[in-house]
Amino acid sequence: MDHHTTREESKFWDGFASSYDRFMRRVSDIYSLLIELIWNELKQDDHVLEIATGTGIIALEISRKVRKITAIDISAPMIAIAQEKAVKAGAANIGFSVQSGYATPFDDREFDVCIVANAFHVMRDPEQCLKEIRRVLKTEGLLIAPTFCHGETFKARIISKLMEFSGFKAYHKFTIQEFADLVEKSGFRILKKQPLEGPVPLLYLVAKPYVANGFNS
């Protein structure tokens, strides 16, 4: 993955960091539901990787449930805000750092769970991120990937086009089926596929690495 792609993707998020939490309060209902769904997937001894953590909203909410969270984002300003929030909350089991989900420094099979919440549609290369997740997830690990599907309905496509005028670009306007197909094609077996209604429909998806002949390759 070339570094130019990551820099291009981070430009918008760097500028958006200071108003991100204020914006997210407008979608707090859906995020409260997502956090509840994610919480129910987790175990006390899990080491969780969160890719595209933003300002750490989900990481901070689930930190009480799991042993350790490694949370990354391509935007340094976002990570700075997340670190400040973690200090205030006393959440000592979260490590925030600036990293690209396309190529991480982590070991093979390091994580029990990987969370990518509402980010695949704003990545230029979601296939590369899924390949990297498959590398760092344990054989029985979980991918939790709730994703806005901007191509699912006519209304969603119109909203997505309007959002582009403010600088927010969905590089991929997935339908629900298209996103599920992408995950499966990338070597995962889907366990849960729960559509959540909204102006832009959201698919709550949980998957495991596909294991052939006993090996997760």
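Observations, loosely collected:
- Selected residue (only one of F12, F96 is within 24 Å of L142 (Cβ to Cβ) and either part of a helix (DSSP H, G or I) or touching a residue at least 24 places away in the same chain (Cβ under 8 Å) (or both)): F96
- For the range 25-69, the tally of residues that are open to solvent by less than 20 Å² (accessible area, probe 1.4 Å) and not small (G, A, S) stands at 15.
- Lone unmet requirement of (1) open to solvent by less than 20 Å² (accessible area, probe 1.4 Å); (2) under 18 Å from the mean Cα position of the chain (by Cα) for A103: (1)
- Residues in the range 106-150 that are more than 14 Å from E9 (Cβ to Cβ) and open to solvent by 40 Å² or more (accessible area, probe 1.4 Å): 11 in all.
- Test: residue in the range 76-86 that is buried (at least 17 other Cβ atoms within 10 Å of the Cβ), in a loop (DSSP other than H, G, I, E, B) and either in contact (Cβ under 8 Å) with a residue 24 or more places away in the chain or under 18 Å from the mean Cα position of the chain (by Cα) (or both): no
- Hey, H172 open to solvent by less than 20 Å² (accessible area, probe 1.4 Å) and either touching a His at 6+ places or on another chain (Cβ under 9 Å) or of a type in the set (G, A, S) (or both) or not: no
The values are calculated or read from the model by the stated rules, or taken from the named source; none is laboratory data. Everything numeric in this text was worked out from a predicted model, so none of it was measured. Positions of Cβ are backbone-derived with ideal geometry, glycine not excepted, and every protein chain shown enters the neighbour counts. Note: accessible area is taken over every heavy atom of the protein model, side chains too, but ligands, DNA and RNA are not part of it. Shrake-Rupley method; radii C 1.70, N 1.55, O 1.52, S 1.80 Å.
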